[in-house]
1. If the cut-off is 30 Å between C-alpha atoms, which lysines fall inside it for Lys120, apart from same-chain ones fewer than 8 positions away?
2. With N residues in the range 1-80, what two-decimal value do you get for its Cα radius of gyration over 2.2 N^0.38 Å?
3. Taking loop as defined by DSSP and a crowding limit of 15 other beta carbons within 10 Å, which GluC sites (Glu not before Pro) in the range 161-262 fit?
4. Take Trp17, Trp90 and order them by how many other Cβ atoms sit within 10 Å, fewest up front.
5. Could you give the alpha-carbon Rg of the chain over 2.2 N^0.38 Å, rounded to two decimals?
6. State the answer as a single residue: which of Gly180, Gly225, Tyr156 lies farthest towards the positive end of the charge dipole of the chain, with beta carbon charges of +1 for Lys and Arg and -1 for Asp and Glu, about the Cα centre.
7. Taking the Cα centre of each part, how many Å lie between the range 64-131 and the range 1-58?
8. Relative to the Cα centre, what is the charge dipole magnitude of the chain, using +1 at the beta carbon of each Lys and Arg, -1 at the beta carbon of each Asp and Glu, and rounding to the nearest 20 debye?
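Just so you know, all these numbers are worked out from the coordinates, no wet-lab data involved. Source: prediction; values computed, not measured. As a convention, Cβ positions derive from the backbone with ideal geometry for all residues, glycine included, and neighbour counts pool all protein chains shown.
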Amino acid sequence: MPVAQRLVTDRRGSTVWEVESRRGRYAVKLGYPIEATTDWPAQPWTALAPAREGAVLHRLGFEEIAYGEWERGTWNIQPWHEGPDLYRLWEPCRRDASSLVPRAGVALGCVEALAELHAKGWAHGDVQPAHFIVGPERTSLIDLALARGGHVPESYDFPFRGCLVHYEAPEIARSVLSTGEAQATREADVYALGASLLISATGWRAVEYPDDAPRPVQRAAVAKGSRRPVKAPGELGELIDAMLSHAPEDRPTIHEVGKALR
């Protein structure tokens, strides 16, 4: 029985609340299919995403998770993670880049959260600044609906068709353009983390394309590797450039990134 609740997100295919009860604070997620429009095709997978994430979290050993179905899709309930996301936390750096340098300790917290997932044999598939919650004691990596690495019930599973293009690795973009699907990998996660750190610190995407470009045009630019001449300030700049290497084999592993930051 909730004693307080707050609507956090209400977008196409997904609604999220922060809910407080006598047992604690929770994130409550509701998924439903996205109907086709003149600009966008239908997206039925969004209805399954909450339950798929719940199943992934269970596989990773998180016990305080519940998920199930409702008449239009699926839902999950999971503990609430307190703190700003990476992009919001580094807003002062984007506002005053001349004097404020992003803290390597914050970046290291993001790296450690992703490294923990990789160590369990999983790839996140949807790494972006909003999915790193920088808490008072540790950074949490959230939204694992697209993660790959273990068994997920077939009734809740769906193909991986890429993620938010701003953070999509070139090999993922090429595969989606040619086949409509891709394979989430740890190397692509490292690229996405580099792109997340870059945009959070500077406000600039890693790849250059028009803001209003259609999704296929965006992906074509990513696949080609049309990098912007933008570098993060301070000690992060060179490391992020390596994370954004065009070829997956040229990128450092998440453990190498963590070692460099330490």
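1. The reachable lysines, counting only those whose Cα sits under 30 Å from Lys120, are Lys29, Lys259.
2. So the range 1-80 has a normalised radius of gyration of 1.17.
3. Those satisfying the criteria are Glu181, Glu208, Glu235.
4. The most exposed by this proxy come first: Trp17, Trp90.
5. Compactness ratio reported: 1.00.
6. Final value for the positive-end residue is Gly225.
7. 16
8. 240
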